[in-house]
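J.: The structure follows.
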Ligand SMILES: [Zn+2]
């Protein structure tokens, strides 16, 4: 991914963006060529994201089924309906 590395780090914002994205690095395209590379990189990430989403769903179901749930009130939820969440997995009810 070398060609997508940030070439400038002259602002706090850029530094913070880079840090939060970890190894995912890109710069705003300034030329047509850079834009084409940017688009290729986007499509690659998009494809990876689709794969991750599939794994996420499969693993969530798998872990939730195997879990001996421990329910606690979900205080973060601002919804009027009361919700509970499991402390051990990602399941809500
Ligand atoms: Zn659980």
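The values are calculated or read from the model by the stated rules, or taken from the named source; none is laboratory data. Predicted, not measured: the structure shown is a model, and the values here were computed from it. Positions of Cβ are backbone-derived with ideal geometry, glycine not excepted, and every protein chain shown enters the neighbour counts.
J.: Give the residue, chosen from 35, 63, that is more than 14 Å from the chain's Cα centre (by Cα) and within 22 Å of residue 89 (Cβ to Cβ).
T.: On the way: 35 fails: within 22 Å of residue 89 (Cβ to Cβ).
Every option except 63 fails the conditions.
J.: Pick out the one residue from 69, 57 that is touching a strand residue (DSSP E or B) at 6+ places or on another chain (Cβ under 9 Å) and modelled with pLDDT of 95 or more. Spell out how you get there, then give the answer.
T.: Details: 57 fails: touching a strand residue (DSSP E or B) at 6+ places or on another chain (Cβ under 9 Å).
Among 69, 57, only 69 is touching a strand residue (DSSP E or B) at 6+ places or on another chain (Cβ under 9 Å) and modelled with pLDDT of 95 or more.
J.: Does the stretch 72-80 contain at least one residue that is within 16 Å of the ligand (Cβ to nearest atom), surrounded by 11 or more Cβ atoms within 10 Å (Cβ to Cβ) and at pLDDT 75 or above?
T.: Just the residues of the stretch 72-80 that are within 16 Å of the ligand (Cβ to nearest atom), to begin with: 72-74.
Those still in the list that are surrounded by 11 or more Cβ atoms within 10 Å (Cβ to Cβ) too: 74.
Filter once more, keeping what is at pLDDT 75 or above: 74.
Yes, that holds for at least one residue.
J.: While we're looking at this one, here's another question. Looking for something surrounded by 12 or more Cβ atoms within 10 Å (Cβ to Cβ), part of a loop (DSSP other than H, G, I, E, B) and modelled with pLDDT of 55 or more - is there at least one such residue anywhere in the stretch 29-51?
T.: yes
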